[in-house]
Every structure is written in C-alpha cells, then in structure tokens.
Amino acid sequence: MKEKILQLIYNSEGYLSGQQISESLGISRQAVNKAVKGLRDKGFEIESATNKGYKLISLPVDLCAESINLHLKTKFVGRNIRLLDTVGSTNDYLKALAEKGAEAGTVVLSREQTSGKGRLGRSWMSKRDETISMSILLRPDMMPSEIASITPLAGLAMCRAVNDFCMLDSRIKWPNDIIVGRKKLVGILTEMASQPDKVEYTVTGIGINVSNTSFPDEIAHKATSILLETGRHIDRNKFVATALNYLEQEIVQNRYRLGGEAVAEYQRLCATIGRQVTFARGKRNVSGMAVSVSNNGELGVMLSNGTVVTVNAGEVTVQGIY
Ligand code: BTN
C-alpha cells in the first residue's frame, strides 16, 4: 500500500489530498497517514499542508526499496527487493534465498559487505555507502555450459546504465569489468547451482564504485568511482532501477543468450578487442591481439603466427589498461 501511495504522490504535480488518496485506493484516512509516516521514516520528504494535502519534496539519499520501485519498468527483475544494512556477501545471501525457493528476479542489496567476493577467489571491497552491492537471481532454462552468456549480458546492461545515467563513456574489459578510461568502475561475478543437464539458478553479483574518493594503494592505479569520474553524487536508487531495467531488457530480448545483436553490441563496447593481451596457458604466459568475442562469451586472441585461440576464463592483462 505504501508503494501505491508513493506512486500517487510522486505522479501528482501539486498537492494531493488525503481524501483523494483514500478514495482512489479504497483505504481509510488513518491508513494514508500511517503510510505517509512510514515513507517519511524511510527518507522521503513529504510536505503536508492543511486543506491541500501531501506533496513530495525530495527522495531518500540512501538505498531504499520503495524509491527503486518508483523508477522500475521491469516485469520481474527487482519486483522483490531485499535491502540489507550489512551482510557478508549479497551473492551468498541470495544463494541461500534461492535454495529456499525465492523467485526469479529477486534482488539483494546491501549498504555494506564485510566479505564481498570478487572473481578468481579475490575479495571485493564494499565500504558502507561507498559502493552499491547487489545480486540478482535468475532461473534460466538452460544447460550449465550456456551460462557464460549471463555475465556479458549483465556487462552490457551495466555499461548502458553507466553511460546513460552518469553520462560517461564506459567500456567493457573482457570478461566482466566495466571501465572508464583505464580504471575499473564495476565488477560482476556470476555464480550458479545446477544439475548435470540443467541450471537451477544463477546469482549475478554486481559491485559498483559510487562515491569512493580513494582506494587502497594496491588498486588505486586501476580503480575509480562515479564520484571521481563525474564530480557528482548520483541518486543511487534511480541508478539501481536504471541498471535493473537494462538488465531485464538484455536478458529478455536476447533470451539469456549472447546472440547476434548482443554479441555485436558487446564487441562494440569491448575495450579489450584490438589490444595486445597476455594470458596464462598452462604454465606459460601467452600474448596476442584480442580480435573477437564469441556467442558463448569466449575471447578470440590472434597469436603472432596468425592462429586464433580462445580464452574462456582466468586473468587477462590488457596492454594500456590493466
Ligand atoms: C570482480 O570484479 O572480481 C567481481 C566483483 C563482484 C562484486 C559483487 S558486489 C555484490 C556481489 N556480492 C559479492 O560478494 N560479490 C558481488
């Protein structure tokens, strides 16, 4: 009910009377008052004037499920949001919900992570309110071998969200980083649970550096934030909704696969292609020119003898980036 009342107040140009709200939703005036109080407690500034009614003055600064919902255009992604104050890892928390049957599209967000996880067993720093930490549950009807498409589709969605919402020119560093210039802004980690021939669920965790002003020495040369790049504080709820809107669009339009159009778009946005890269093959480091990304998200690298080899996981160093 709170969300319906918020939507009415948000859409109304001037004041909206308590009477109008209670009539259009078929609830009592007391119920309206109670819901407005609840919204104020969540950080919505709502003015009330005698004989005029309610007017929305400003939206919450901190992460807030009701505020995200206000800007969501999705059918299922983000329709069930669990917002936490602190957690070890949003991916782990969501995997536990998935095991108990949480529906596809469920999102877990936390203001802080105490043991955020990165790729390749690394840790991911998520200090309170500096970063956005979110995880999205999907239940795609696919084989375990096909899930390599999920991270690139999430990458496309995040690249679009960053570029549209923050007016930045972000690119994808294969396979799962969103970078601005030479520095990382967003990291993505997809995990899955499956039977031998069927994926049960995937959890895609996305970490976004929002208002960090500095980074630890080890990563300072290769990490950045939206604040550092734009000099502005963003409405993080609107940003999360924009990202979820793009994510649903990518997965629905492409049916969870990195098909023709999506792979072309990925290649267009991929900063790795056209650069010299170095990666590990067995015990050796191999270098070549990144030339393509395939339908299953593999990087094609042309070696000096002209042969193209595929790289599907692990660490790739890109000359001129990191
Ligand atoms: C990487 O770049 O190595 C991936 C980083 C992924 C970080 C996100 S933050 C939300 C989610 N929860 C985690 O523990 N990790 C992912």
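Computed quantities for the displayed model
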item: Projected label distance in nm at S24 and K37, using a 7 Å step from Cα toward the beta-carbon; result: 2.4
item: Peptides 176-183, 238-245 ordered by average Cβ neighbours within 10 Å, highest first; result: 238-245, 176-183
item: Rounded Å value of the spacing that divides the Cα centres of the stretch 1-74 and the stretch 165-199; result: 35
item: Degrees between helix 150-166 axis and first principal axis of the chain (Cα, 0 to 90, nearest 10); result: 60
item: FRET E, pair S214, R79, Förster distance 35 Å, beta-carbon r, rounded to 0.05; result: 0.45
item: Projected label distance in nm at M143 and N295, using a 7 Å step from Cα toward the beta-carbon; result: 1.2
item: Carbon/sulfur fraction of accessible area - the chain, other protein chains in place, 1.4 Å, %; result: 48
item: Net charge contributed by nearby residues that have their C-beta within less than 10 Å of D129 (K/R +1, D/E -1); result: +1
item: Mean Cβ neighbour count within 10 Å, used as a protection proxy, ranking 115-123, 294-302 highest first; result: 294-302, 115-123
item: Among E218, E47, E229, residue whose mean-square fluctuation peaks in a GNM of the chain (springs only between Cα atoms under 10 Å); result: E218
item: FRET efficiency for D129 and K198, using Cβ-Cβ distance with R0 set to 30 Å, rounded to 0.05; result: 0.20
item: Long-range Cα-Cα pairs in the stretch 276-318 (distance over 13 Å), rounded percent; result: 47
item: Rounded to 10°, Cα long-axis angle of helix 90-99 versus longest principal axis of the chain; result: 80
item: Calculated [θ] (222 nm, deg cm²/dmol) that DSSP helices of n ≥ 4 give over the chain, each run adding -39,500 (n - 2.57); result: -9500 deg cm²/dmol
item: P(r) of the stretch 124-226 over all Cα-Cα pairs, binned every 10 Å from zero, in whole percent; result: 15, 43, 28, 12, 1
item: Cβ-Cβ FRET estimate between D235 and K283, R0 fixed at 45 Å, reported to 0.05; result: 0.40
item: Formal net charge of residues neighbouring K198 (Cβ-Cβ distance under 12 Å; K, R +1; D, E -1); result: -3
item: Contour minus Cα-Cα distance for E99 and D169 (0.36 nm per residue); result: 21.4 nm
item: Average accessible surface area per residue within the stretch 57-169, 1.4 Å rolling probe, Å²; result: 42
item: Rg/Rg_globular for the stretch 65-269, with Rg_globular taken as 2.2 N^0.38 Å and Rg from C-alpha atoms; result: 0.94
item: Fully extended contour minus Cα-Cα distance, from E112 to Q319, at 0.36 nm per residue; result: 71.2 nm
item: Nearest-ten-degree value, helix 260-269 long axis tilted from longest Cα axis of the chain; result: 80
item: Amide hydrogen neighbours beyond the local backbone of G205, cut-off 5 Å, H modeled; result: I136, L189, T190, E191
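The values are calculated or read from the model by the stated rules, or taken from the named source; none is laboratory data. A quick note: this is a predicted structure, and the numbers were derived from the prediction, not measured. So basically every Cβ, Gly included, is an ideal-geometry build from the backbone, and we count neighbours across all protein chains shown. Calculation scope for accessible area: heavy atoms of the full protein, side chains included, ligands and nucleic acids excluded. Shrake-Rupley method; radii C 1.70, N 1.55, O 1.52, S 1.80 Å.
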